[in-house]
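Heads up, the thing below is written out as structure tokens.
Just so it is clear, none of the values below were taken in a lab; they were calculated from the coordinates. In this text, all values refer to a predicted model and were calculated from it rather than measured experimentally. For neighbour counting, all protein chains shown are included, and Cβ atoms are generated from backbone atoms with ideal geometry for every residue, glycine included.
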Amino acid sequence: MHLRAVTPGNYEAALALTVRPDQEDLVEPVVKSLAEAYVYPEYAWPRLIYDGDELVGFVMAFLDLPWGEPSDPTDLRSGLWRLNIAADRQGHGYGTFAVEAVCAEIRARGETRAYVTYEPREGGPGPFYAKLGFTPTGEISGDETVAVKIL
């Protein structure tokens, strides 16, 4: 498994990635993530997840993002912004690999914490993130639970 940058040669395949129908309300499609990466290039770190030459998913980190309402310029956070694993490729460790790769990138930049937000509902990704070491902070961002992992 490895990550690749989004390029003119692979972005159309990335746009075709879809999650399971029961997850569509939990994660935005890749096209929205790429639009956000374009609008917020100073914070976004989009990557494609490959198993050999097969595209299996998309992950995007946020790096040094001002946090809070309104944004607090002294509270900069980095973490997982988006994770989309192709519907037919789930359950093979790609999500775990992607989250660990994002954490490694954040650690390499000198940070000691990685954040994630998620919809706190039955069937949501909370147990997945807990298994990877994320613990809820008690904060809510929009309607989502904020969790942190110490790196």
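Counting only Cβ charges, +1 for Lys and Arg and -1 for Asp and Glu, the dipole size of the stretch 61-151 around its Cα centre is about 400 debye.
List the trypsin sites (Lys or Arg not before Pro) in the stretch 53-134 that DSSP assigns to loop (not H, G, I, E or B) and whose Cβ has at most 13 other Cβ atoms within 10 Å. Which are they? For trypsin sites (Lys or Arg not before Pro) across the stretch 53-134 that sit outside H, G, I, E and B with at most 13 neighbouring Cβ atoms in 10 Å, the list reads Arg109, Arg121. Label sites at Leu76 and Lys131, each approximated as a point 7 angstrom past Cα along Cα to Cβ, lie 3.4 nm apart. In loop segments of the stretch 1-109 as defined by DSSP, the GluC sites (Glu not before Pro) with at most 11 further C-beta atoms inside 10 Å of their C-beta are Glu42. Only Cα sites of the chain enter the Debye sum here, all with the same form factor; the resulting log10 I(q)/I(0) across q = 0.10, 0.21 1/Å is -0.32, -1.57, listed in q order. Computed about the Cα centre, the dipole magnitude for the stretch 7-68 is approximately 100 debye when only Lys and Arg (+1) and Asp and Glu (-1) carry charge, each at its Cβ.
In this Cβ point-charge picture (+1 for Lys and Arg, -1 for Asp and Glu), the stretch 83-135 has a dipole of about 140 debye about its Cα centre. For the stretch 1-63 and the stretch 71-108, write down the distance between their C-alpha centroids in whole Å. That distance is 11 Å. Please pull out the direction-averaged projected area of the stretch 65-151, using the convex hull of its alpha-carbon atoms, in nm² to one decimal place. Convex hull of Cα atoms, orientation-averaged projection: 6.0 nm².
Of all the C-alpha pairs in the stretch 31-93, what % are more than 17 Å from each other? In whole percent, the share of Cα-Cα pairs in the stretch 31-93 beyond 17 Å is 49.
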